[in-house]
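We did not get these values from a lab; they are worked out from the coordinates using the rules stated. On a predicted model such as this, the values are computed, not experimentally measured, just so you know. Cβ placement follows ideal geometry from the backbone for every residue including glycine, while neighbour counts extend to all protein chains displayed.
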Amino acid sequence: MGVAATESARLLMHEPRKYAGLVAGLYLLSLKDCEVGKATKASYLFLRHIDDLLDESKQSDEKLPYVLTLRNEIISNTFTKNPKISTLVQYSLDILERKARPEDNPRQDFVSVIDAMVFDYKRAGERRVLPKEQLENYYHNTFFL
């Protein structure tokens, strides 16, 4: 089973009602516009993997270093730490960077989303509540790249 299929199965086994439509949509998009659809699916599954790991209630001293290693691998374009999950972001970046307009920066977009997830992970660990302005900025950085 490929990495995308493994990650899709993980989502479906965890919360089938929540993810069935989403996973089906990602696969249908892959059929409609094969290259862009597959890049979208790979991007989503890669970022969902990171978000789910950081959102797990099980505490681990290995979570943050693992995520930061993936982040640094995206920046350096050197993928060595976790080749299986990294294949998803590598695949996406190959397509997105080739199709990017001059003002686009897909690599930085991945890094920015990971930074937002790490920020939220740290904030939740500290049980810190954000003031309205910081919360709006966080949501903007997370959802409107």
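With R₀ fixed at 25 Å, the C-beta to C-beta distance from S76 to H14 puts the FRET efficiency at about 0.20. The region of the chain that goes longest without hitting one of the trypsin sites (Lys or Arg not before Pro) in a DSSP loop, each with at most 14 other Cβ atoms within 10 Å, is 1-57.
Taking Cα atoms only, the orientation of helix 106-126 departs from the longest principal axis of the chain by about 30 degrees.
Taking every alpha-carbon pair under 8 Å whose residues sit at least 6 apart, segment 1-51 reaches a relative contact order of 33 percent.
Measuring nothing but how far apart in sequence close Cα pairs (under 8 Å, 6+ apart) lie, relative to its length, segment 1-93 scores a relative contact order of 32 percent. Note on segment 1-61 and segment 62-137: Cα centroid distance 16 Å, given to the nearest whole angstrom. Going by alpha carbons, how many degrees (0 to 90, nearest 10) lie between the helix axis of 132-143 and the longest principal axis of the chain? Rounded to the nearest ten degrees, it is 20. For the chain, a Gaussian network of Cα nodes joined below 10 Å ranks L88, L28, L47 by mean-square fluctuation, and the top entry is L28. Based on the Cβ-Cβ distance of V36 and T6, what FRET efficiency does E = 1/(1 + (r/R0)^6) give at R0 = 22 Å, to the nearest 0.05? For R0 = 22 Å, the calculated efficiency reads 0.50. With Cα atoms as the point set, the chain shows a radius of gyration and Dmax of 15.7, 45 Å. Please state, as a whole number in µm²/s, the translational diffusion coefficient that the Stokes-Einstein equation yields for segment 17-98 at 25 °C and 0.890 mPa s, with Rh defined as the Kirkwood radius across alpha carbon pairs. Using the Kirkwood radius from Cα pairs, D works out to 179 µm²/s.
Helices in the chain, meaning DSSP H runs of at least 4 residues, each add -39500 (n - 2.57). Divided by all residues, the mean residue ellipticity at 222 nm is -26500 deg cm²/dmol.
Taken over the chain, lysine pairs spaced eight or more positions apart, or on distinct chains, with alpha carbons under 17 Å apart number 10. Per the Debye formula on identical point scatterers at the alpha carbon atoms of segment 91-135, with no solvent, log10 I(q)/I(0) at q = 0.29, 0.30, 0.34 Å⁻¹ is -1.01, -1.04, -1.15.
Legend: ranking of residues H49, H14 from fewest to most surrounding C-beta atoms inside 10 Å; resulting order H14, H49.
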